[in-house]
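Some notes on the structure that comes next.
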Amino acid sequence: IVVSDDAEARPVRKARVTCGGAGLQGQTTITDDKGRFSFSGLAAGRYTVTAAKAAWITAAYGAKRPLRPGSAIPLAAGEAADIVLRLPRGSVITGTLTDHNGQAAAGVIVRAYRYIIADGERRLAPVSAALTDDRGSYRIYGLAPGDYVVGATGRTGRANLQGSELRLTTEMDV
């Protein structure tokens, strides 16, 4: 079953659950209204199970913290395992983007970045993005707790914003 990671856990319906391992390419199923899911006909082996849903943080069974690898579930031939996978709610960054005249910057891609270590170096990596609406507002959701850098990179289908002055106001709930 997939449940929320709240103090009072509730079933999470329509979460995408993936099972992989033991030669399995990764079967996927969707939870029902009670958060239940199942994978049948699995051969003996070790399996990993992850759950994902928009606006929530993807979680792996047995992971100590969000975005960490989980624990493999060992299964013998014909054995069944009942597991509970806790899915944390994601945080939100929202704000408004305006140009140098204070006018709404509509149709601009706004990205949230996090620092990662890649090849021994600390680098910014994109996590998620949103497009500003006609009021210049954006909302990036489903974020894990942590520090983010937010940037705007250009308009879609319009002139490039390189060299233009933009003002980005942001409210965070991370």
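Structure notes:
- Highlighted here are the strands (runs of 3 or more DSSP E) found entirely within the stretch 64-138 that include at least 1 residues which are modelled with pLDDT under 95 and of a type in the set (Ser, Thr, Tyr): 91-99, 108-118, 121-131.
- The set of residues from the stretch 139-168 being open to solvent by 80 Å² or more (accessible area, probe 1.4 Å) and either at pLDDT 90 or above or in a strand (DSSP E or B) (or both) comprises Arg139, Tyr141, Arg167.
- Listed conditions (1) surrounded by fewer than 17 Cβ atoms within 10 Å (Cβ to Cβ); (2) under 25 Å from Tyr141 (Cα atoms); (3) not basic (Lys, Arg) are all met by Asn101, apart from (2).
- When restricted to residues that are open to solvent by 50 Å² or more (accessible area, probe 1.4 Å) and under 18 Å from Pro74 (Cβ atoms), the stretch 25-49 contains 8.
- Close pairs (8 angstrom Cβ cut-off, 6 or more residues apart or separate chains): farther than 15 Å from Thr58 by Cα and among the charged types (D, E, K, R) in the stretch 27-41, in a loop (DSSP other than H, G, I, E, B) and open to solvent by less than 70 Å² (accessible area, probe 1.4 Å) anywhere: Lys34/Ile1; Arg36/Ile1
The values are calculated or read from the model by the stated rules, or taken from the named source; none is laboratory data. Computed from a prediction, not measured in an experiment: that's the story for all the values here. Note: ideal-geometry Cβ built from the backbone for every residue, glycine included; neighbour counts use all protein chains shown. The protein model used for the area step is the full one, side chains on, heavy atoms only, and it has no ligands, DNA or RNA in it. Shrake-Rupley method; radii C 1.70, N 1.55, O 1.52, S 1.80 Å.
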